[in-house]
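Worksheet: one structure, shown below.
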Amino acid sequence: MDKDTTEPSPAQTRQARLDEDYARRRDQALAMGGAEKLARRKAAGVLDARERVDYLCDAGSFLESGLFSTSANPADRERSPADGKIAGFGRIQGRDAAIVANDFTVMGASSGATNGRKIGHMKRVATQRGMPLVFLGESSGARMPDHMGSRGMGTLLGNDGAQYQRLREIPWASATLGLSYGSSSWYSVMSDFHVMRKGAVLAVSSSLLASLAIREEVDPQELGGWRLHAETTGFADLVVDTDEEALDAIKRFLDYLPSHHNEAPPTRAVPAGSGRGMPNILECLPASRTQVYDVRKIIRTVVDEDSFFELKARFGKVGVTGLARLGGKTIGVIANNPLVKGGALDVDACEKITSFLVLCDSFNIPLIFLVDTPGFVIGTEAERRRAPGKIMNFMNALSLVTVPKLSVVLRKSYGQAYLNMGGGRNSDEMAAWPTAEISFMDPQFAVKVVHGLEPSDEGFEARLAEMNRGNEVWDIASIHAVQSVIRPQDTRDYLLRMLEVHELRLTRGVGQHLMRAWPTSF
Amino acid sequence: MMDLKAEVTGSVWKILATPGQTLEAGEVVMILESMKMEIPVVAEHGGELVEVCVTETDAVAEGQVLARIKL
């Protein structure tokens, strides 16, 4: 007798039961904090955690780790899908990355035992296998009551001594996309790149707790809004309007970076039109030595078309820092911006440049300095803000850089700032435009200090003319302390060629990372 | 009302606008001198210049209010 082929085999029956159970559990996990909470976010125009992961990763590439994880507290098991933090591995523009995305709809994405284990796993795998780590921050902080009492503390905190250790083996990129307190904030400020969406808040703890602690009403935006972190703390490298823009910014940042510290950054095709503004670049520089201009026009003209990605644009604005490409290769650009404070470097600019030096050196990114500074800001306010310490942190960082350093003096380079901006052997090659002027102090001051003459005194103008001649680039070039005097229009070609000359051939583009354990903020 | 503040310590070199004048966003109200550089003080937003709080050659400190604009 023929066997009935429509009857499922015992194995098929078992498979169907398993599939059904699996699908039920999966759907439960994917339901996150429930339809109502998700609908409220959508109405507010904010992506949920899974939408964020989908937007960030190449289609279909996300492999989740811990989909079926829940709170370790049995009472919360049914209401804690993925324990409020979604983790896994995805490809971002073709390259693998580990991702942690906070799901605020599940218990406020608060930190607990299980999701702490998930974060630890992502960090461990990303570091050991050499891929970037991305944090999408939005968390109410430590979960209550789990953390309460000495037993709670002993169970949940301090069991991983390396939890907040950074040795910069892999790039970390983060976004603050909502209310972010506790460890979500810690990971953001420890990252190499941190983007904030307007409306988000990054702080140690919530405004409610802050109000209880100091007995006054605290406005969340004042406590940790984008303006504070973009302009005052410098913790935000970039501020954007939407979740999508924030995730695009992370993609863009990572595209400049290697996957880990033991490889050179990726190379991209040179966009058409790169360098087209070079014949007219001198138009960016005023004829008068005392007039200001925006150095970012010069940067954008020199580097590959549309490749300049400025970091911390609203903080320490006297110093411009940003990633870019030259001939398709990633470079870090550090420039003085005379548009702000005449280019005189202040404490915020020192901190900003120091952190950028650490970033570039840790990830094998050659550095280009464009110099036009009358010196450091001096005076009582600068001293109160610890200017000597900040200037020397900057200087020490510069001396520990092991990636190629090329400096070009556009106009002014005076005093100690001459050294901080790569003067002498503080860069591998020092070039200058014929418009450069280099000395210890501005000639107007020097005539007073050296000759004791005021502008109204007889002989002042003659001495000033003498000083001005002595500050021209030709004298320093004659003793090979400036190696090249270049015409402004040749700057891009000079840098392209010099980057090739200074390629780290012996180590395949990899530096020594002497600042890998430096602070994550200054 | 919006205060225009000195971004740097220095002195007032030239005042280019007068009270009552309507300012466009980006217009230079005065020029400071600091570190032998000319530092323009720019109206971030357009409005009426209500008051100029300094005179030429005055020494100014970082953060000092230089002028007030009614938005």
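The values are calculated or read from the model by the stated rules, or taken from the named source; none is laboratory data. Predicted model, so just to flag it, every value in this text is computed and none were measured. Neighbour counts run over all protein chains shown; Cβ positions are idealised from the backbone, glycine included.
For the stretch A:290-313, give me each residue that is surrounded by fewer than 18 Cβ atoms within 10 Å (Cβ to Cβ) and within 14 Å of another protein chain (Cβ to nearest Cβ).
Correct list: A:Gln291, A:Asp294.
Of the conditions (1) on the phi < 0 side of the Ramachandran plot; (2) at pLDDT below 95, A:Arg52 satisfies every one except a single condition; which number is it?
(2)
Evaluate the following for A:Arg117: is it outside any loop (DSSP other than H, G, I, E, B), surrounded by fewer than 24 Cβ atoms within 10 Å (Cβ to Cβ) and over 27 Å from the mean Cα position of the chain (by Cα)? Write out each step before concluding.
Values: outside any loop (DSSP other than H, G, I, E, B): yes; surrounded by fewer than 24 Cβ atoms within 10 Å (Cβ to Cβ): yes; over 27 Å from the mean Cα position of the chain (by Cα): no.
In short, no.
If you check every pair at least six apart or on different chains, which have Cβ atoms under 7 Å apart with a residue in the stretch A:340-358 that is facing chain B (nearest Cβ under 10 Å) and under 16 Å from A:Met421 (Cβ atoms) first and a residue that is of a type in the set (Asp, Glu) and not in a loop (DSSP other than H, G, I, E, B) second?
Every condition considered, the pairs that remain are A:Gly343/A:Asp372.
Residues being among the basic types (Lys, Arg) and out of contact with any strand residue (DSSP E or B) (no Cβ under 9 Å at 6 or more places or on another chain): count how many of those fall in the stretch A:125-163. Give the derivation first.
Kept after step one, since they are among the basic types (Lys, Arg), are these residues of the stretch A:125-163: A:129, A:143, A:151.
Remaining after also requiring out of contact with any strand residue (DSSP E or B) (no Cβ under 9 Å at 6 or more places or on another chain): A:151.
Residues that pass the stated criteria total 1.
For the stretch A:449-495, which positions are surrounded by fewer than 17 Cβ atoms within 10 Å (Cβ to Cβ), outside any loop (DSSP other than H, G, I, E, B) and of a type in the set (Lys, Arg)?
Result: A:Arg469, single match.
When only residues in the stretch B:1-27 that are of a type outside the set (Gly, Ala, Ser) and either under 19 Å from A:Lys317 (Cα atoms) or within 14 Å of chain A (Cβ to nearest Cβ) (or both) count, which is surrounded by the fewest Cβ atoms within 10 Å (Cβ to Cβ)? Give the derivation first.
Narrowing the stretch B:1-27 to residues of a type outside the set (Gly, Ala, Ser): B:1-5, B:7-9, B:12-16, B:18-19, B:21-24, B:27.
Those still in the list that are either under 19 Å from A:Lys317 (Cα atoms) or within 14 Å of chain A (Cβ to nearest Cβ) (or both) too: B:4-5, B:7-9, B:13-14.
Details: B:Leu4: 22, B:Lys5: 14, B:Glu7: 20, B:Val8: 24, B:Thr9: 22, B:Trp13: 16, B:Lys14: 12.
Of everything passing the filter in the stretch B:1-27, B:Lys14 is surrounded by the fewest Cβ atoms within 10 Å (Cβ to Cβ).
If we keep just the residues of the stretch B:42-69 that are farther than 12 Å from B:Gly10 by Cα and within 14 Å of another protein chain (Cβ to nearest Cβ), which is farthest from the chain's Cα centre (by Cα)?
Among those that are farther than 12 Å from B:Gly10 by Cα and within 14 Å of another protein chain (Cβ to nearest Cβ), it is B:Glu44.
Go through the residues of the stretch A:425-445 one by one and say whether even a single one is within 14 Å of chain B (Cβ to nearest Cβ), surrounded by fewer than 13 Cβ atoms within 10 Å (Cβ to Cβ) and either farther than 23 Å from A:Asn337 by Cβ or modelled with pLDDT under 95 (or both). Write out each step before concluding.
Taking the stretch A:425-445 as the starting set, the residues that turn out to be within 14 Å of chain B (Cβ to nearest Cβ) are A:437, A:439-445.
Remaining after also requiring surrounded by fewer than 13 Cβ atoms within 10 Å (Cβ to Cβ): none.
No - not one qualifying residue is present in the stretch A:425-445.
Take the conditions within 14 Å of chain B (Cβ to nearest Cβ), modelled with pLDDT of 95 or more and assigned to a loop (DSSP other than H, G, I, E, B) and apply them to A:Gly316. Does it pass? So that I can check it myself, show each step before the final result.
Values: within 14 Å of chain B (Cβ to nearest Cβ): yes; modelled with pLDDT of 95 or more: yes; assigned to a loop (DSSP other than H, G, I, E, B): yes.
Considered against the rule, which asks whether it is within 14 Å of chain B (Cβ to nearest Cβ), modelled with pLDDT of 95 or more and assigned to a loop (DSSP other than H, G, I, E, B), A:Gly316 comes out as yes.
Among A:Arg143, A:Arg129, which is over 29 Å from A:Lys312 (Cα atoms) and at pLDDT below 95? Give the steps one after another, and end with the answer.
Values: A:Arg129 fails: at pLDDT below 95.
Of the residues listed, the single one that is over 29 Å from A:Lys312 (Cα atoms) and at pLDDT below 95 is A:Arg143.
Which of the following residues is over 18 Å from the mean Cα position of the chain (by Cα) and away from chain B (no Cβ under 14 Å): A:Arg276, A:Arg325?
Only one candidate passes the filter, namely A:Arg276.
Take the residues in the stretch B:28-41 that are more than 10 Å from every other protein chain (Cβ to nearest Cβ) and buried (at least 19 other Cβ atoms within 10 Å of the Cβ); name whichever of them is farthest from A:Asp442 (Cα to Cα). If you could, list the steps in order and put the result at the bottom.
We begin by selecting, within the stretch B:28-41, every residue more than 10 Å from every other protein chain (Cβ to nearest Cβ); these are B:28-30, B:41.
From the residues that got through so far, the ones that are buried (at least 19 other Cβ atoms within 10 Å of the Cβ) too are B:29-30, B:41.
Working: B:Val29: 26, B:Met30: 23, B:Val41: 22 Å.
Per the stated criteria, the residue is B:Val29.
Name the one entry in A:Val403, A:Val409 that is closer than 19 Å to A:Ile281 by Cβ and touching a residue at least 60 places away in the same chain (Cβ under 8 Å).
On the way: A:Val403 fails: closer than 19 Å to A:Ile281 by Cβ.
On inspection, the qualifying residue turns out to be A:Val409.
Test each condition in (1) under 21 Å from A:Glu244 (Cβ atoms); (2) crowded, with 22+ Cβ neighbours inside 10 Å; (3) touching a Leu at 6+ places or on another chain (Cβ under 9 Å) for A:Ser111 and report the one that comes out false.
Exception for A:Ser111: condition (1).
Please find, within the stretch A:187-207, the residue that is surrounded by the most Cβ atoms within 10 Å (Cβ to Cβ) out of those that are within 13 Å of A:Gly224 (Cα to Cα) and hydrophobic (A, V, I, L, M, F, W, C).
A:Met196
Within the stretch B:27-68, which residues are outside any strand (DSSP E or B) and small (Gly, Ala, Ser)?
Correct list: B:Ala43, B:Gly46, B:Ala61, B:Gly63.
Any chance the stretch A:379-392 includes a residue that's within 22 Å of A:Arg296 (Cα to Cα), of a type outside the set (D, E, K, R) and touching a residue at least 24 places away in the same chain (Cβ under 8 Å)? Break it down stepwise before answering.
Residues of the stretch A:379-392 that are within 22 Å of A:Arg296 (Cα to Cα), as a first pass: none.
Among the residues of the stretch A:379-392, not one is within 22 Å of A:Arg296 (Cα to Cα), of a type outside the set (D, E, K, R) and touching a residue at least 24 places away in the same chain (Cβ under 8 Å), which makes the answer no.
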